[in-house]
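> First the structure, which I've put down as structure tokens, then a few questions once you've had a look.
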């Protein structure tokens with residue numbers, strides 16, 4: 001860590017200390033901050049606006065695929081939480097307990113929901129009777145609480161915000177389709193909206209959701225080479241429907257337990273957006289979800305009233321042309337130099353900056369700077385409004401290509417544990433290796449390199465029977481092995 | 001209460017037992033239900049869809065008036081909650097306490113937020129420094145918890161959902177303007193979106209928010225003549241900013257405490273929508289927020305394949321014409337008679353029903369029934385799609401007129417306590433009376449008639465110095481005296 005004195009408002013360079021860079025960016029861009037409430041964050045307007053855009057994009061996909069939103073209780077009585085054995089074992093260490101309500105001690109303590117499978121199963125046991133009641137396709141946007149000792153804004157907080165989808169089906173194949181469909185939505189969100197590079201796959205037994213038959217995830221690469229689990233989709237089999245005694249009369253008139261899925265994506269993804277794309281000047285936001293997509297900085301000169309008049313008129317024109325199409329803001333703040341304004345909006349990762357000055361304007365043009373690569377261009381004032389959507393799309397494509405390049409540059413193919421060690425010698429990478437998916441081999445992989453885990457077994461590639469990197473037996477899978485947040 | 005046996009799916013008539021009617025409607029229309037979690041409700045997809053539409057309408061007004069959404073922690077440490085004396089006294093009896101996190105007992109217990117003034121003041125004490133930081137105009141959509149012994153779905157639940165706006169200003173006048181502006185938004189929501197009849201006014205000292213200088217509210221009339229407080233807006237003066245030591249350097253370079261407001265509207269308003277408009281067949285939903293605005297019931301006959309073909313084609317045409325303009329659903333469920341489908345959607349309060357039958361269709365028309373008054377009309381199939389928005393607007397106007405008529409019919413002018421007693425002799429009314437706003441007189445009013453309260457001091461009328469109904473001194477105010485939920 002550097003010991004030189006530095007502008008207290010400056011951001012720690014990424015190369016110097018990635019963790020400090022991250023916290024600096026989150027706090028100085030006013031996305032979120034710590035609070036006096038241990039482990040809980042406050043999400044500030046700029047951060048919440050970003051989340052609202054992510055939420056709206058995903059919500060549309062969730063509805064498009066036939067799901068409806070609803071809302072379950074925040075509290076779950078202890079006796080309900082504990083019916084599914086693996087589940088309670090997984091979550092018990094993280095639960096916050098309400099023991100007092102109003103002025104009296106509760107007879108049964110209430111968990112603040114860490115996730116909602118247990119209360120949902122309890123309620124649906126009364127609502128599902130016949131195969132005609134299936135499938136049940138629901139989703140909830142909610143806050144959940146999992147007690148954390150170390151806080152990392154967005155990435156690891158005691159309270160966080162997410163959607164949790166929950167579905168019940170007649171057959172395991174339908175549930176399997178659902179698990180994949182919703183993982184596909186997460187992938188679409190990550191790639192098409194957030195311009196991230198992700199790998200889809202299945203979690204190993206040791207990494208799956210507590211109570212699931214299996215868990216699928218998308219694993220995103222961060223710009224320091226670490227992985228971030230960015231969305232998970234679980235096949236719950238009949239584990240909960242048996243434990244909570246949910247039954248229905250099937251088409252063949254026999255009484256059966258439905259098959260169940262659940263899937264969630266949280267405010268963690270905001271951390272992923274920051275660490276995927278940000279640079280030493282701050283955030284670089286994906287254009288499709290950026291709260292401000294275009295910022296306009298007017299250059300006014302007190303000794304040039306006529307030019308100032310023209311500059312102001314041009315800003316109003318840009319606002320009018322953007323209305324309803326592009327989220328554009330004119331930075332009219334007084335008492336700030338243009339350079340300060342540029343830095344302000346660069347820190348906040350606004351994809352495009354338009355500078356309106358009287359000299360350019362005299363030639364009928366404005367200048368435009370793209371955040372992702374700093375490219376500058378001059379455009380006729382008369383064209384810029386209608387070209388903004390296409391310019392934002394171009395910025396998205398550039399950002400996405402950069403993320404894919406990052407993944408490519410950090411990807412390694414390894415065939416043995418020795419090669420795995422070698423791959424991590426110069427820093428964190430995404431190592432792809434044939435893997436047999438036996439717990440013993442997973443232990444060996446984790447022992448081979450400090451802090452790595454099997455992130456997922458890729459669903460887009462096969463091991464093709466090549467020898468497992470640990471035991472050498474023919475492997476069906478390609479495992480992605482990486483360090484992770 | 002009737003002892004006759006009755007279809008278990010039927011709704012208790014309003015006239016027989018309003019409370020049972022209400023619960024029947026909420027549960028059978030699948031808006032919400034009880035849960036095994038004492039005091040907490042589950043909001044089902046149809047109810048949550050309704051709330052999402054209400055939320056989106058209000059959120060647009062909140063943003064239009066310059067506010068930004070953000071998100072504060074769910075938990076508030078006890079020491080922070082207790083800094084403003086009146087506030088803690090008001091809320092302490094209702095707080096749920098977390099005393100254990102993960103597997104250890106907490107050193108300081110955490111309140112599950114009953115409202116967020118205390119944590120917001122704590123955070124903004126660090127963020128407000130100069131008059132340039134003002135005004136702060138923020139809002140949060142969140143769940144809050146206030147321990148309740150008796151549960152009434154939507155109206156009184158331990159957990160409920162709301163928005164809470166919080167603002168800080170340089171002057172008390174600015175804060176006063178804000179309080180009135182946001183009350184105006186609530187009134188606009190109630191009238192223009194929910195077709196309710198409401199009276200705006202100021203709460204008396206005994207009814208104000210704990211810690212406020214004063215509270216304003218809108219009071220809506222329910223179809224049983226009771227009042228429902230449907231949105232509140234508080235001028236908090238400097239009470240919290242002093243207690244939480246929020247200071248800023250003013251334009252005159254002196255250190256000052258800002259003036260503060262808060263304002264909230266909750267899922268309670270859904271109860272208000274139900275009780276304002278519903279009838280013995282179920283819900284009557286305001287068209288602008290109804291999750292399904294138009295339902296189409298196809299009449300298919302197995303012995304008329306050609307007619308059935310035409311019916312199906314007409315339904316597809318209606319769907320296509322409605323797309324993006326009107327929330328229209330075709331009820332294609334099999335194994336249900338048309339009459340069952342009519343009852344199903346009447347219970348759910350869908351504003352317009354279109355019946356598509358082959359005989360009407362042969363003449364190029366469909367029939368349409370309006371939920372609010374049962375009016376039937378025949379319309380050319382070729383016109384109905386484009387006329388739907390106007391037909392929905394007409395239904396809104398009718399519903400709103402009916403609510404205003406209800407208020408008019410239940411309004412009484414009274415000049416003395418005797419007249420007040422007389423006004424309530426035949427059932428609950430909204431009694432308007434000159435009132436001096438002294439606590440002693442409020443006590444007399446409450447003693448005069450069982451269970452009445454001063455709902456508010458109307459801001460749309462003046463007492464004009466007429467004698468207070470209790471003490472006879474010249475009164476500035478007209479009080480609305482009513483029974484309330």
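> What's the percent breakdown of Cα-Cα distances in chain B across 10 Å bins, shortest bin first?
Bins of 10 Å from zero give 4, 17, 25, 24, 17, 9, 4, 1, 0 percent of pairs.
> While we're here: What are the distances, in nm and sorted shortest first, from the label point of residue B:382 to the label points of the same position in each other copy, with each label point placed 7 Å from Cα along the Cα-to-Cβ direction?
4.3
> Note down the relative contact order for chain B as a percent, whole number, built from C-alpha pairs under 8 angstrom at least six residues apart.
13
> Which value in Å does the Kirkwood hydrodynamic radius of the stretch B:136-228 take, with 1/r averaged over all unlike C-alpha pairs and then inverted?
Every distinct Cα pair counted, the radius reaches 15.2 Å.
> Placing the label point 7 Å from Cα along the Cα-to-Cβ direction, what are the distances from residue A:476 to the equivalent spots in the other copies, shortest first, in nm to one decimal?
8.0
> Put a dot 7 Å past each Cα toward the Cβ at residue A:126 and residue A:172; how far apart are the dots in nm?
A separation of 3.2 nm, rounded to one decimal place.
> Let me ask something additional. Taking Cα atoms of the stretch B:336-485, Rg/Rh with Kirkwood Rh, to two decimals? If you can, show how the numbers build up before the last one.
Values: Rg = 23.9 Å, Rh = 18.9 Å.
Checking Rg against Rh, the ratio lands at 1.26.
> Let me ask something additional. Determine the relative contact order of the stretch B:31-277: mean sequence separation of Cα pairs under 8 Å and six or more apart, normalised by residue count, in whole percent.
Reported relative contact order: 21 percent.
> Can you tell me the order of B:32-42, B:115-125 when each peptide is scored by its average per-residue count of other Cβ atoms within 10 angstrom, highest first?
Ranked by mean Cβ neighbours within 10 Å, highest first: B:115-125, B:32-42.
> Still on this structure, I have one more. Hey, fewest Cβ within 10 Å first, where do A:104, A:405 land in order?
On the way: A:104 8, A:405 11.
Lowest to highest Cβ neighbour count: A:104, A:405.
> Determine, from the Cβ-Cβ distance of residue A:86 and residue A:438 and an R0 of 22 Å, the FRET efficiency 1/(1 + (r/R0)^6), rounded to the nearest 0.05.
Approximately 0.65, to the nearest 0.05.
> Using alpha carbons only, how many angstrom separate the centre of the stretch B:281-333 from the centre of the stretch B:159-209?
38
> Continuing with the same structure: Against the globular-protein guess of 2.2 N^0.38 Å, express the Cα radius of gyration of the stretch A:414-483 as a ratio, rounded to two decimals.
The value comes to 0.96.
> Evaluate the Debye formula for the stretch B:75-195 with equal point scatterers sitting on the alpha carbons, no solvent, and hand back log10 of I(q)/I(0) at q = 0.12, 0.13 Å⁻¹, in q order, two decimals.
For the requested q values the scattering log ratios are -0.60, -0.70.
> On to the next question. Sorted by average packing, counted as other Cβ atoms within 10 angstrom per residue and highest first, what order do A:87-96, B:65-74 take?
The most tightly packed comes first, giving B:65-74, A:87-96.
> Nearest 500 deg cm²/dmol is fine: what mean residue ellipticity at 222 nm does chain A get from its DSSP H runs of n ≥ 4 alone, each adding -39,500 (n - 2.57), divided by its residue count?
-10500 deg cm²/dmol
> Separate question: Mean projection of the alpha-carbon convex hull of the stretch A:189-286 over all orientations, in nm²?
Averaging across all directions leaves 8.2 nm² for the Cα convex hull.
> How large is the convex hull of the C-alpha atoms of the stretch A:356-402 per residue, in Å³?
Numbers: hull volume 2.8 nm³, N = 47.
Per-residue hull volume (Cα only) is 59 Å³.
> Looking only at other chains, what is the average number of their beta-carbon atoms within 10 angstrom of each beta-carbon in B:73-81?
Averaged over the peptide's residues, the number is 5.
> In addition: Please report the antiparallel percentage of DSSP beta bridges with both residues in the stretch B:294-407, rounded to the nearest 5.
Working: 9 of 18 bridges.
Taking every DSSP beta bridge with both residues in the stretch B:294-407, the antiparallel ones total about 50 percent.
> Turning to a different aspect of this structure: Expressed as an acute angle from 0 to 90° and rounded to the nearest 10, what is the orientation of the C-alpha long axis of helix A:305-322 relative to the principal long axis of chain A?
So the helix axis and the longest Cα principal axis differ by about 30 degrees.
> Ok, one more. Taking the Cα centre of each part, how many Å lie between the stretch B:362-382 and the stretch B:390-437?
So the two Cα centres are separated by 34 Å.
> Enter the Cα centre distance for the pair the stretch A:82-122 and the stretch B:218-262, rounded to the nearest angstrom.
35
> Hey, with R₀ at 35 Å, roughly what FRET efficiency would residue A:320 and residue A:409 work out to, going by the Cβ-Cβ distance, to 0.05?
Taking R0 as 35 Å, the efficiency between residue A:320 and residue A:409 is 0.20.
> Treat the count of other C-beta atoms within 10 Å as a stand-in for reagent exposure and order B:461, A:455, A:44 from fewest to most.
Listed from fewest to most nearby Cβ atoms, that is B:461, A:44, A:455.
> Computed over the Cα atoms, what is the radius of gyration of the protein assembly as shown divided by 2.2 N^0.38 Å, N being its residue count?
Working: Rg = 30.4 Å, N = 970, 2.2 N^0.38 = 30.0 Å.
Cα-based Rg divided by the globular estimate yields 1.01.
> What percentages make up the Cα-Cα pair-distance distribution of the stretch B:399-442 when the bins are 10 Å wide from 0?
Bin by bin from 0 Å, the calculated values are 26, 43, 25, 6.
> Averaging over every viewing direction, what projected area does the convex hull of the Cα atoms of the stretch B:71-136 cover, in nm²?
Result: 5.6 nm².
> Still on this structure, please answer the following. Return the average number of partner chain Cβ atoms within 10 angstrom of each residue Cβ along peptide B:62-72.
Taking all residues of B:62-72 together, the mean is 4.
> Could you state the angle between the C-alpha long axis of helix B:338-347 and the longest principal axis of the C-alpha atoms of chain B, as a value from 0 to 90 degrees rounded to the nearest 10?
10
> For helix A:45-64, report the angle its Cα long axis makes with the longest principal axis of the Cα atoms of chain A; keep it between 0 and 90° and round to the nearest 10°.
So the inclination is approximately 50 degrees.
> Taking residue B:312 in one copy and the same position in all the others, each labelled 7 Å out along Cα→Cβ, what are the pairwise distances from the first, in nm, shortest first?
Spacings between copies for this position, smallest first, are 6.4 nm.
> Sticking with this structure for a sec: Counting alpha carbon pairs within less than 8 Å and at least 6 residues apart, what relative contact order, in whole percent, applies to the stretch A:32-131?
23
> Let me ask you something else. For the stretch B:31-277, what ratio Rg/Rh do Cα atoms give with a Kirkwood hydrodynamic radius?
Answer for the stretch B:31-277: 0.97.
> Can you give me the Rg/Rh ratio for the stretch B:1-103, using Cα atoms for both radii and the Kirkwood formula for Rh?
Answer for the stretch B:1-103: 1.11.
> Ok, one more. Enter the per residue convex hull volume of the stretch A:294-407, computed from alpha-carbon coordinates, in Å³ rounded to the nearest integer.
On the way: hull volume 11.2 nm³, N = 114.
Residue-normalised Cα hull volume stands at 98 Å³.
Values quoted throughout were computed directly from the atomic coordinates according to the rules given, and no laboratory measurement underlies them. Here the structure is a predicted model, which means the values were calculated and not measured. Neighbour counts run over all protein chains shown; Cβ positions are idealised from the backbone, glycine included.
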